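*Asks:* I have a structure I would like to understand better, so I am pasting it below and will then ask my questions one at a time.
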Amino acid sequence: MKKISKHHDLQRKYREKIQNKQEANTYARGWFLFILFAVLLVVWSYFLGGTFLP
């Protein structure tokens, strides 16, 4: 019985690890999209005449 519970514990830790990795990926993707949007905004403003550029 101990063996089975230990294996279950390992599975639970592994599942939590995967979940944390997925959360980190969504966080990184959000930042990437934000930076991409900012760069596109700057490039677009440059073509429009530098309205948003400091």
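The values are calculated or read from the model by the stated rules, or taken from the named source; none is laboratory data. None of the values given here were measured: they were computed from a predicted structure. Note: ideal-geometry Cβ built from the backbone for every residue, glycine included; neighbour counts use all protein chains shown. Surface areas here come from the heavy atoms of the whole protein model, side chains and all, with no ligands, DNA or RNA. Shrake-Rupley method; radii C 1.70, N 1.55, O 1.52, S 1.80 Å.
*Asks:* Any idea which of Phe52, Phe47 is modelled with pLDDT under 90, assigned to a loop (DSSP other than H, G, I, E, B) and of a type outside the set (D, E, K, R)? Spell out how you get there, then give the answer.
*Replies:* On the way: Phe47 fails: assigned to a loop (DSSP other than H, G, I, E, B).
Matching residue, one of Phe52, Phe47: Phe52.
*Asks:* Which of the numbered conditions does Gly30 fail, given that it passes all the others? Conditions: (1) at pLDDT below 85; (2) among the small types (Gly, Ala, Ser); (3) surrounded by 10 or more Cβ atoms within 10 Å (Cβ to Cβ).
*Replies:* All conditions are met except number (1).
*Asks:* Sticking with this structure for a sec: Is it true that some residue in the stretch 7-27 is at pLDDT below 85, open to solvent by 100 Å² or more (accessible area, probe 1.4 Å) and assigned to a helix (DSSP H, G or I)?
*Replies:* Yes: one or more hits.
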